[in-house]
Every structure is written in structure tokens, then in C-alpha cells.
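Comments concern the structure below.
Just so it is clear, none of the values below were taken in a lab; they were calculated from the coordinates. In this text, all values refer to a predicted model and were calculated from it rather than measured experimentally. With ideal geometry, Cβ positions are generated from the backbone for all residues, glycine too; neighbour counts draw on all protein chains shown.
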Amino acid sequence: MYQVTPSPVVATASASSVAGDALSLSSVWQSLAPTLQTDLGAENYAAWLANLRVHTQTETGLVLAAPTTFIAQWVQSNYLERLEDLFSQAAGRPVNLTLQVVPTFASLQSAASAPLLPVAVPQAQPQPEWLNSSRMDPRHTFAQFVTGKSNQFAFAAAQSVAESLVSGGQTYNPLFFHGGVGLGKTHLMQAIGHAVQAAKPNSTILYLTAEQFLLKFIRALKDKNTLAFKEAFRKVDILMVDDFQFIAGRESSQEEFFHTFNTLMQDGKHLIFTADKSPHELANIEERLKSRLGSGLTVELHAPDEETRLAILQSKAETIGYAVPADVLQLLAGHIASNVRELEGALNRVIAYARLTGEELTTTLAREQLRDLFRVYNHVVTIDDIQQKVATQFNVRVSDMHSPRRAREVARPRQVAMYLAKQLTSRSYPDIGRAFGGRDHTTVIHACETITALLTRDAQLAEQVQMVTRTLQGRG
Ligand code: ADP
Ligand code: MG
């Protein structure tokens, strides 16, 4: 998909006939560096954009050279639009950016034609700094985790794995937690880490988000140090990768991950993952990786019921050390049903308000302060609502939502409705499929992916989807 220039090409040397302009656009590129660093974050800039060079000028813009396919793909899907905007603004005219893989100019700017992936073993390396800093939240312990029907099984699984890891017994490997946001996946995963660390202080436990894993991997590629990267993981006893869905769709990193993963398993290391979906439902992940991920124990976390929500609130209020009246806790537990993070956020908000103003924390005050949250949750969105509102917005019939017709003008709105059903209700993929004329769950997954991708590049569609969402949530 990316053209790879085979022979060594130095950034702008082979430039086109309009080299002059290319040079000036190239200085625009340089001048953008500080803006990009603030806009995207210094770490992201260093990992991705600092690797690009101006390659050639085209009629409508510029070709940027990236040192590897991986970097090209990443920039393409994450930063290209933003880059084009900034670039066009700076240049005072629309500039179209494309990426080309030019392996040998190698981010490293060295004339050497060293391969990007070193084959020689590097000299003994000091242990990378990131291996020592485990960055787990000290509050994420088993003791602070409140259990109820929704999370009992996940809690028991986590405890059992922690116990086996401490006693050296056999256990589920990998352990895979999945479920919606704010339901306690990260908390439970780290609770295992804390428990093992406390009982066996010498064990090496590494907690990483999938994004951090990717950043470290790409840095290793850039520094020609992938071997040291892999070796570093071998020092780890327990590897935890949080929000694994983030690796989806990145082919080259999946490949790397798969190998690292297999090596670690063979070496008898323990792996724990979290993701928003089960391994089987994860989109854009290679089949063999899916089945490997699902080969241990997979546990789903569900949204807590009202009783558990109340227990969680009581426990949090106690930790904060503020005497919150029972009716206020009851009110929050009754209204904020989506996830624990929001529940916690709402409690923090009302307590902070009461503390700062000195007002008494009553249900009236809580209602007043949480008006925005309550409005959304008072309004339960159903798939029926979604189908009707989407049909109106896109000017199709509600019956088209169920019909087998596949023409684009009905298929697209139907996909939007499926996407919104996943976003705005707690129904599963198979459930949603059934509500759309008995479609298969894979059709729904495909719809969600298609719309997610389209929303990043189709502004009109994005606006329509936003409008429907607002209407559905009663904010319209
Ligand atoms: P996820 O990783 O699933 O998005 P987190 O583990 O980050 O969710 O949880 C969100 C917040 O809610 C965290 O502050 C966490 O400590 C808290 N939390 C989640 N579940 C519970 C629970 N059962 N008991 C106490 N706190 C919880
Ligand atoms: Mg999390």
C-alpha cells in the first residue's frame, strides 16, 4: 500500500522540477515543529513525526518520507489530517500530504546503510529505565475493590491468579479482562500486581498500556535496538498490557507483539490483558493472536447493579473522609448507572463543591450540581429510538433498518444506527444484530468499524451522527 523506494534516497535530493518551492515548503515543515510538539505532545512528536522528512513536491502538495511502513501507517491513520490542516494554514494554501516509505534515509540521518532491524547482538545494555518503574496506581488494590454480581467472578479470577502467582502454582495464562469503560478492568489487573509485589518483592512486574508498548517498540526500532527491547521483556515475571484494543489494526506491531508474547509464554512468564472486547470480538486483530489471547481465561466485567453502586459510593466516601448523607448516595447510585468511573467522578464533584462553598451536601445540591449527568441518564436510549431518529435524519424508512436491502443509501444509515446502538445502549453485538432484521453479530462489528473509520474523515457524516446522538440523549 505504501510505495517503498528501493535504493538509498536522501531526503530532498531526488526532488522534482519544482525544487525551489519544495525547499520553501520544507522550511514550512521545519517551522511547524514547535506547533506540532505542543499540539500532539512532545512524546508523540518524537516518536512519530520527528521521523519524517520532506521527500518531493507534487502538484498539490508534498510527499513526506517515513523510514518504515509502520511509521508511515501510524502517521497516516493518526496524524495526517491534522498535519495537512496545520501545513495548509502555514503555507497559506491547501497542501496535500502523502507518505512514502524510504527505508534508507532512516530517521537516523546516517549515511550507513545499516538494516533497520539489527541482526548483531548489541553489547550488554543496562536495564531500560521503564522496566523499573511500574507506574501502578497504589489505590488499585483488592481491598479497595467492592464486589457485587457484576464483578464477582472477575474478582475471584483475579484473586485466584494472584494466589497462584505467589505460591508458584499453575494458573490461567493469559488472563484476559474485558468490558466497557470504567468498570474496573485496570483496577483488578493492578490489584494482582500489588498482591504479588507485596508477597514477592523481588518479582519484576511490568504494567503498560498498549499505547506505551507501541511507543517503546517504535523507539526501539528507531534506535535500532529491538533486540534489547525484546530482551528487556524477558526479565519480566508478569507482563500486564492494558487496553489491548489499541494494538488492533497495526499489523507490524501485532506481529512483533505476537512473537514477544509467544516467547514470554514459553519462558513461563505470566500475562494479563484488558480490552474493551473479548479476544474473539476484537476487530482488526489477526486470528492467531486472537486465539492465543483467548487461550487462558477470559472474564467479562459488567456494569454494577444499583446495590453495588451504592456500596461503591459508600466505600469511596469513606476513603475520602467526608460524611455524605445516605439519601445523597442513594440518589447518585440510582441515577448514574453507566460505570464506576462516572460514579466516582460525580461523588468527587459534589463533595468538592460542598467543601469549597461550605454549603450543606443535600440531594437538592447534588441534583443541581449534577444536572448535566442526570439529564443524560434520565433518558434511556433504546434501539427502537435509534432506528427511528436515524431513519428521520437520513431520510429512509424505519423498515429499511430491518430489510435485507444492501443499496448504499439504506445500508449506510443502517450501519450508523448499529454503531449508535453499540455506543448508546448496553446491548451486545448479537442482540443488536437481531434488532436489525436478524443480522449476524459480525455484520454489526463490521458496521461499527466502518462508521468509526468514516467519522474521522467524513465531516458531514460526523455532524449527522452528532445531531442524532444529541436528539437521542435529549440534549438536542
Ligand atoms: P476500566 O479499566 O475498566 O476502564 P478502571 O479500573 O480504571 O476501569 O476503573 C475506573 C475507576 O473506578 C477507578 O478509579 C477504579 O478504582 C474504580 N472502580 C472500578 N470498579 C470498582 C469497584 N468494584 N470497586 C471500587 N472501585 C472501583
Ligand atoms: Mg482501564
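Viscosity 1.567 mPa s, temperature 4 °C: give me the Stokes-Einstein translational D for region 300-457 in µm²/s, with Rh taken as the Kirkwood radius over C-alpha pairs. The Stokes-Einstein estimate is 72 µm²/s. For Val299, the amide hydrogen comes within under 5 Å of the amide hydrogens of Phe176, Phe177, His178, counting only partners 5 or more places away or on other chains and with H modelled in the peptide plane.
Counting every C-alpha pair in region 212-336, the share spaced more than 23 angstrom apart comes to 49%.
Amide hydrogen proximity for Thr209: with H placed 1.01 Å from N in the peptide plane, the residues at 5 or more positions away or on another chain lying under 5 Å are Asp242. Protection proxy ranking of 408-419, 176-187, by the mean of other Cβ atoms within 10 Å over each peptide's residues and highest first, is 176-187, 408-419.
One Cα centroid belongs to region 147-183, the other to region 303-359; the line between them spans 26 Å. When the listed pairs Lys216/Lys290; Lys222/Lys422; Lys149/Lys389; Lys269/Lys316 are checked against a 30 Å cut-off, the alpha-carbon distance exceeds it for Lys222/Lys422; Lys149/Lys389; Lys269/Lys316.
Could you give the length gained on full extension between Glu287 and Thr456, defined as 0.36 nm per residue of separation minus the Cα-Cα distance, in nm? 58.2 nm is the gain from fully extending Glu287 to Thr456.
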